Amino acid sequence: MSAVLQTNTIVIEKLNKTFQSRSIANPHYIIKDVDLVVRGGEFFILLGPSGCGKSTLLNMIAGFISKTDGSLSVDAKEIKKPGRDRAMVFQQADASLFPWLTVRQNVEFGLKMKRVPKLKRREISDQYIELVGLKGHEDKFPKELSGGMKQRVQLARVLAISPSILLMDEPFGALDAMTRRTMQKELIRIWQETKKTVIFVTHDLQEALLLGQRIGIMSVGPASKITEIYSVDLPYPRTYADPRFHELHQTIQEHFDKE
Ligand SMILES: Nc1ncnc2c1ncn2[C@@H]1O[C@H](COP(=O)(O)OP(=O)(O)O)[C@@H](O)[C@H]1O
Ligand SMILES: [Mg+2]
């Protein structure tokens, strides 16, 4: 028998999610019949209007909420609960940072939980604090940081525990346009350096086109599904100036307009 290769490939088949509804005969589907394969090392975007079920789908992949039925696996292993192979970056950094811990302590928190020795923790936190551009801010508390800096701390903290799958739920949605652009560029650099599988949720088509190798379009809910997947065959770093960027933007915009 051959072992399953650890490629961090996510396979979703006929996935359904219903939430409690008064009518059992007529269940309320949030997600219905979602089929998707995200390849190991891929940067995949889930794009869809607000309320369509993007967070619900991402939370099922994270193992935070359970599916109703269908199948959801990483490297052929069914997802039943959160795992160290997966980590989530949330839209609001405030919801995930500990206000009573400094930047360094926040970044080292997950490592401490994993019982990584002190010196090693320090080495890893130094590395990721530098990677996200927060060198010199190690001893500050979250309340002393701007929104963009807090989001960087969250990213550093997640990267420090080195998950092979990075789940990102509109992580830059609350940032101003300039900070957002910087973070997008840094994320691409980090992804290219670390070869992680990334599933990035957004409702912003421009952001999707700047970041993703493929863009899965989710339909308006209820009973949302992935109606189309577009490949974005443009080199990084991407710019709005590329005429093919505009072509794809228009194609996908038309797809939404038809719905
Ligand atoms: N725990 C829950 N119970 C009932 N309905 C929920 C729950 N969580 C989300 N929903 C509903 O599921 C739909 C999709 O929500 P969500 O996944 O947050 O969408 P998105 O992230 O695309 O904005 C919404 O209509 C929302 O009201
Ligand atoms: Mg959401």
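Read-outs: derived from the displayed coordinates by stated rules, not from any lab. Here the structure is a predicted model, which is why all the values come from computation and not from measurement. In this analysis, Cβ positions are derived from the backbone assuming ideal geometry, glycine residues included, and neighbour counts consider all displayed protein chains.
List of remarks:
- Direction-averaged projected area, Cα convex hull, the chain: 16.3 nm², rounded to one decimal.
- Among LEU145, LEU211, THR102 - extreme Cα towards positive end, dipole of the chain, charges at beta-carbon: THR102
- Helix 243-258 vs. the chain, principal-axis angle (Cα, 0 to 90°, nearest 10): 50 degrees
- Compared with the dominant principal axis of the Cα atoms in the chain, helix 147-160 is inclined by about 90°.
- Listed residue pairs exceeding 31 Å between alpha carbons, taken from LYS67/LYS118; LYS112/LYS185; LYS118/LYS196; LYS81/LYS258; LYS67/LYS114; LYS112/LYS140: LYS67/LYS118; LYS81/LYS258
- Relative contact order of the chain, taken over Cα pairs closer than 8 Å and 6 or more residues apart, is 26 percent.
- Charging the Cβ of each Asp and Glu at -1 and of each Lys and Arg at +1, and nothing else, the dipole of the chain about its Cα centre rounds to 1120 debye.
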